[in-house]
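Each remark here refers to the structure printed beneath this line.
The values are calculated or read from the model by the stated rules, or taken from the named source; none is laboratory data. Keep in mind it's a predicted model, so treat the numbers as computed, not measured. Glycine also receives a Cβ, built like all others from the backbone with ideal geometry; neighbour counts cover every protein chain displayed. Surface accessibility is based on the protein's heavy atoms, side chains included, excluding ligands, DNA and RNA. Shrake-Rupley method; radii C 1.70, N 1.55, O 1.52, S 1.80 Å.
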Amino acid sequence: MRSVSGPLCLFAYTLLACAPVQASAWRLSEQCPASFDKRDSRCWLRSTYQQYGSLTGAGVGGLKTGLPPFRDGFTPQQIDLGRYLFFDPVMSANGKLACASCHVPGKGFTDHRVHSIGMGGHEVRRNAPSLWNVGFLKRFFWDGRAHSLEEQVQGPLYNATEMGNRPESLVKTLNGLPAYLTLFAQAFPPTGNAIGGDIAAAQVYTALAAFESSLISLNSRYDFYAQGVADALTPHELEGMNVFRSFVARCAECHTPPLFTNQQIAVIGMPEPAGMPFDAGAGAATDAPMLRGGFKIPSLRNAALTAPYGHSGQFGTLRETVAFYTGGRGHAVPKGENLHLHWHIWEPKLSGVELDRLVDFIGALTDESFLPAIPASLPSGLPPPIESTLGERS
Amino acid sequence: MKKSALVSIALVALAAWVGYTYGTRSGSHAPPTAAGSTTDTLASAKHTAGSAAALLKPGVSTGQVIVVKPGESIQDAVRKAQPGDTVQVMPGNYSETVYIDKDNIALVGVIHGGDWPTLDGQGKRNDAVLYSGNGIRVENLKITNYKGNAIMGQAGNNFVVRHNWIVNSGVYGIFPEFAQNGLIEYNTLTGIEDAAIYVGMSDNIHVAHNEVHGNVAGIESENSRHVIIEHNLAYDNAGGILTFITPGLPIKTAFDVIIRNNFVVANNHKNFGAPGSIVSGVPSGTGIIVMAADDVIIENNVIRDNKNAGIIVADHKSFANITPDPESDPSPDRVQVLPNLFADNGYEPIKDIQALMLAGLTRQGPDLVAVGSGSGSCVTNRDAIKWLGVSTWTACQRTSTSDVVTYLLDQPAPPRVLSAQDRGKLVYSSVCAGCHAYNVRMIGPPTQILQAMYAGNPQGIADYIAKPVRKREDFPPMPSQAHLSPDLRLAVAQYMLTVK
């Protein structure tokens with residue numbers, strides 16, 4: 001009956017957080033999360049969009065278009081373990097920051113800050129992106145430099161200005177926590193003759209990827225409309241949808257249904273906040289000079305929940321963001337920057353009313369019905385960075 | 001109508017060239033109601049493309065005809081229409097954006113005594129017709145003064161856009177995107193600031209018998225596969241017919257495109273494309289451009305009086321305004337230029353081509369010029385034409401494309417039909433399971449408890465979810481699922497009772 005709290009009180013603020021938890025009491029869920037079916041002990045995505053096809057399987061198109069390739073097939077235990085890790089500040093170097101500190105479920109998996117605050121109060125350079133529907137994406141980070149969720153999670157974990165950890169110390173910390181040893185053994189049962197070994201970094205990445213790919217938001221009122229419920233959208237939202245997909249505004253050319261991103265890199269010339277240097281984005285990350293100032297096109301699902309907007313968090317509201325596109329091609333590009341702006345950036349001359357309607361329509365993409373449960377307590381014994389909503393889901 | 005396809009097509013094209021109008025053509029027949037024009041289409045389709053008949057069959061004459069008169073709203077009629085219905089638009093003026101988000105609707109104008117039903121965007125509306133349904137047909141409309149597109153489709157398969165008259169109406173005239181299996185025929189388009197007919201990221205498209213003039217680009221097939229562009233008249237555009245792989249789009253390839261039997265004449269219009277647009281990089285005076293697309297066959301076109309060049313075959317690097325994309329192959333490979341009639345092309349070439357001429361020690365502007373990378377291409381009887389940059393091309397083995405009548409599908413691209421049972425399962429997992437876990441309390445009661453309450457009574461669940469009433473103080477009220485059809489509600493309920 002050894003307490004797992006011993007080493008963690010180093011990090012903890014309050015004695016309450018050090019309350020002993022029995023390692024053997026920790027059990028991971030055997031149920032798949034909402035929108036997943038369990039088959040052969042693994043979780044497989046189920047969405048009404050799976051009724052439809054899409055051209056060349058790319059998962060881009062119109063209203064009744066199938067989804068792009070996605071990540072599924074994790075076990076319920078791996079997903080649930082990822083959930084604990086996601087909310088656990090034990091993942092950071094100082095035990096204060098969790099993934100969920102900047103990707104807050106109740107804030108559309110963002111933090112509502114212009115730039116997130118990392119280790120030691122350091123302000124990072126870009127706006128925290130939402131995690132809804134990331135299981136469908138093929139590139140990660142604003143500059144698209146990572147190509148899998150497993151690769152992506154290592155970014156903030158080990159960035160000195162974000163969670164500031166190192167692989168060796170993360171693994172060492174977790175291996176020192178009996179509750180996590182129990183949970184990892186459930187999520188990654190030993191195979192063959194092998195006996196349960198230490199927690200490996202790759203298992204941490206797998207579990208986080210499993211959890212993140214379970215964050216599905218595909219049941220908005222827009223989705224009801226798209227799939228045949230004619231009165232699911234208000235007249236204003238319908239008007240906004242027609243502006244959105246018109247070839248004047250051209251929003252749908254890059255924010256393409258059903259995910260509302262076509263997952264490409266685009267150079268659109270969005271400004272930095274005052275005083276911030278120009279961000280070369282994908283131009284720096286990919287060694288492709290013509291992509292200078294290019295960023296990954298973000299999904300607009302749940303965008304109404306994720307202010308502020310843009311890679312730099314420059315725009316405080318959706319209204320300001322949509323107005324950017326009608327400000328004139330290249331109007332915010334700094335002097336001396338010769339950017340290869342995307343061809344869809346032009347001068348659509350949208351009216352104020354049309355901009356309002358666009359905001360109305362984007363609001364109809366909101367669906368948080370599958371918010372995951374925030375753990376009431378964590379295997380590390382540390383206090384969760386955000387308050388539990390639903391209590392523990394066993 | 002018994003003459004061979006080739007002859008009848010040539011007559012249509014010639015007729016258009018001397019100013020023959022579709023108005024008088026229609027006037028010489030019975031008023032083109034939906035049923036009447038269908039008969040005509042089927043007849044011509046048999047001559048030209050056997051599979052067009054299959055495409056045109058469903059959705060026509062199976063339902064109601066809803067008539068719209070001037071002063072009434074076309075959109076109201078579309079709202080009332082059920083799949084299979086025809087919305088018939090009488091002659092007169094209309095100003096609205098018509099959007100069709102359901103399947104198998106025909107939007108068909110009636111032309112009477114030379115009067116067309118005219119959609120006028122008055123320079124302030126965005127698009128005339130937007131559709132996302134499958135099996136949409138748009139026919140006999142005059143469309144003018146819209147800012148975006150005249151007719152735009154997003155992911156609508158099995159479409160027919162025919163016999164429309166589009167004047168000064170935005171960025172693209174007819175623009176199907178993400179579509180499979182569609183026919184664009186007998187349209188006339190002018191004054192479009194990008195491509196008059198633009199096939200974007202689509203498969204199995206047939207573009208035939210259209211007249212495009214006074215546009216930046218006449219006809220463009222971009223990141224699309226299995227496209228035939230034939231028997232069209234493209235004149236007085238900046239560029240006549242283009243087939244591209246444009247980088248940075250989510251669908252990365254273009255191949256199996258046949259450009260044949262077109263008149264591509266005097267495409268010397270000033271390029272008035274929007275700054276930064278890809279077509280603004282098209283040099284005025286170019287008949288046909290192949291950029292990065294593969295397996296393109298160009299055959300039996302009349303390519304005449306295009307001042308810059310008859311045909312340009314280019315890679316991404318050689319083209320202005322193109323940002324490279326590591327996922328797109330930048331080279332045009334296996335392009336086949338079969339016999340075409342070339343005359344008077346290349347008399348005022350752009351500087352880049354002049355430089356090639358200088359290097360090639362020729363003073364003649366080209367009928368055919370290839371620039372940049374690419375492999376496996378061929379040209380028939382190179383000696384007959386003025387060429388640049390194709391010295392490594394082989395002589396084509398293929399003599400014609402007559403083996404490929406059409407790339408349209410024999411049967412419409414099928415919608416994926418799930419059994420009621422499977423749909424019920426899908427809705428349970430993707431909607432209900434957000435609140436009802438099997439044996440754990442979430443937002444709603446666990447499914448296990450509901451199974452006990454409704455054992456043998458799936459209809460009870462189906463009725464309840466249509467009109468939920470709060471039964472238990474300790475749970476929040478359930479939102480109504482009345483938007484699901486009764487059949488689907490029952491299927492969901494049946495599945496819910498079997499979940500383990």
Within region A:121-139, is even one residue in a helix (DSSP H, G or I), in contact with a Leu (Cβ under 9 Å, 6 or more places away or on another chain) and surrounded by fewer than 19 Cβ atoms within 10 Å (Cβ to Cβ)? no
Could you grab the pairs with beta carbons closer than 7 Å, sequence gap of 6+ or different chains, first residue in region A:204-215 and touching a residue at least 40 places away in the same chain (Cβ under 8 Å), second one surrounded by 24 or more Cβ atoms within 10 Å (Cβ to Cβ) and among the basic types (Lys, Arg)? A:Phe211/A:Arg83
Run down B:Val257, B:Val264, B:Val279 and say which single residue is assigned by TED's automatic domain parsing to the domain that holds B:Gln364, among the hydrophobic types (A, V, I, L, M, F, W, C) and part of a helix (DSSP H, G or I). B:Val279
For region A:38-47, the count of residues that are assigned to a strand (DSSP E or B) and either surrounded by 22 or more Cβ atoms within 10 Å (Cβ to Cβ) or within 10 Å of chain B (Cβ to nearest Cβ) (or both) equals 4
Just to verify a result, which residue in region A:206-258, among those that are among the hydroxyl-bearing types (Ser, Thr, Tyr) and not in a helix (DSSP H, G or I), is farthest from A:Val104 (Cα to Cα)? A:Ser246
Taking region B:65-90 only, how many residues are outside any helix (DSSP H, G or I), at pLDDT 95 or above and in contact with a Lys or Arg (Cβ under 9 Å, 6 or more places away or on another chain)? 7
Total residues in region B:198-220, condition part of a strand (DSSP E or B) and more than 14 Å from chain A (Cβ to nearest Cβ): 8
B:Asn237 vs. criteria outside any strand (DSSP E or B) and in contact with a Gly (Cβ under 6 Å, 6 or more places away or on another chain): yes
Among the residues of region A:251-292, write down those that are on the phi > 0 side of the Ramachandran plot and more than 8 Å from chain B (Cβ to nearest Cβ). A:Phe260, A:Gly269, A:Gly275, A:Gly281, A:Asp287
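So that you can scan it fast, the table gives a plain yes or no per residue for (1) assigned to a loop (DSSP other than H, G, I, E, B); (2) open to solvent by 30 Å² or more (accessible area, probe 1.4 Å); (3) not basic (Lys, Arg):
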site: B:Ser402; (1), (2), (3): yes, yes, yes
site: B:Pro414; (1), (2), (3): yes, yes, yes
site: B:Arg423; (1), (2), (3): no, yes, no
site: B:Ser429; (1), (2), (3): no, no, yes
Complete set of residues in region B:352-393 that are open to solvent by 50 Å² or more (accessible area, probe 1.4 Å), in a loop (DSSP other than H, G, I, E, B) and of a type in the set (A, V, I, L, M, F, W, C): B:Leu361
Which condition number does A:Thr256 fail, the rest of (1) within 25 Å of A:Gly59 (Cα to Cα); (2) open to solvent by 30 Å² or more (accessible area, probe 1.4 Å) being met? (2)
Does B:Asn345 count as surrounded by 15 or more Cβ atoms within 10 Å (Cβ to Cβ), at pLDDT 95 or above and closer than 22 Å to B:Ala292 by Cα? no
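Per-residue answers, yes or no, for (1) under 19 Å from the mean Cα position of the chain (by Cα); (2) open to solvent by 10 Å² or more (accessible area, probe 1.4 Å); (3) modelled with pLDDT of 95 or more:
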position	(1), (2), (3)
A:Tyr49	no, no, no
A:Thr56	no, yes, no
A:Lys64	no, yes, no
A:Gln77	no, yes, yes
A:Gly82	yes, no, yes
A:Leu85	yes, no, yes
A:Lys96	no, yes, no
A:Ala100	yes, no, yes
If I go through region B:318-346 residue by residue, how many of them are within 14 Å of chain A (Cβ to nearest Cβ), of a type outside the set (Ser, Thr, Tyr) and in contact (Cβ under 8 Å) with a residue 12 or more places away in the chain? 8
Residues being within 12 Å of another protein chain (Cβ to nearest Cβ) and touching a helix residue (DSSP H, G or I) at 6+ places or on another chain (Cβ under 8 Å) - total across region B:153-173: 2
Does B:Leu356 satisfy the criteria of being over 28 Å from A:Asp287 (Cα atoms) and touching a Leu at 6+ places or on another chain (Cβ under 7 Å)? yes
Candidate set: region A:146-166, residues that are touching a helix residue (DSSP H, G or I) at 6+ places or on another chain (Cβ under 7 Å) and of a type in the set (Asp, Glu); chosen: the one most open to solvent (accessible area, probe 1.4 Å): A:Glu162
The number of residues in region A:219-235 that are more than 7 Å from chain B (Cβ to nearest Cβ) and either basic (Lys, Arg) or in contact (Cβ under 8 Å) with a residue 40 or more places away in the chain (or both) is 9
Condition first: acidic (Asp, Glu) and under 21 Å from A:Ala226 (Cα atoms). Now tell me which residues in region B:67-111 satisfy that. B:Asp76, B:Asp85, B:Asp101, B:Asp103
So which residues in region B:278-312 are open to solvent by less than 10 Å² (accessible area, probe 1.4 Å) and not β-branched (Val, Ile, Thr)? B:Gly285, B:Gly287, B:Met291, B:Ala292, B:Ala293, B:Asn301, B:Asn306, B:Asn308, B:Ala309, B:Gly310
Per the filter on region B:439-469, residues buried (at least 17 other Cβ atoms within 10 Å of the Cβ) and not aliphatic (A, V, I, L, M) are B:Gly444, B:Pro445, B:Thr447, B:Tyr454, B:Pro458, B:Tyr464
Only one of B:Asp329, B:Asp367 is in contact with a strand residue (DSSP E or B) (Cβ under 9 Å, 6 or more places away or on another chain), among the acidic types (Asp, Glu) and closer than 25 Å to A:Pro289 by Cα; which? B:Asp329
Can you work out which of the residues in region A:313-346 that are facing another protein chain (nearest Cβ under 9 Å) and touching a Ser or Thr at 6+ places or on another chain (Cβ under 7 Å) is least open to solvent (accessible area, probe 1.4 Å)? A:Trp343
Determine which member of the set A:Ala284, A:Ala307 is open to solvent by 50 Å² or more (accessible area, probe 1.4 Å) and of a type in the set (A, V, I, L, M, F, W, C). A:Ala284
Out of curiosity, is A:Leu238 touching a helix residue (DSSP H, G or I) at 6+ places or on another chain (Cβ under 6 Å) and more than 7 Å from chain B (Cβ to nearest Cβ)? no
Can you tell me which residue in region B:118-152 is nearest to B:Ala413 (Cα to Cα), limited to those that are away from chain A (no Cβ under 12 Å), without any contact (Cβ under 8 Å) to a residue 60 or more places away in the chain and open to solvent by 10 Å² or more (accessible area, probe 1.4 Å)? B:Lys142
Out of (1) within 14 Å of chain A (Cβ to nearest Cβ); (2) open to solvent by less than 40 Å² (accessible area, probe 1.4 Å); (3) within 22 Å of A:Arg39 (Cβ to Cβ), the one B:Gln481 does not meet is (3)
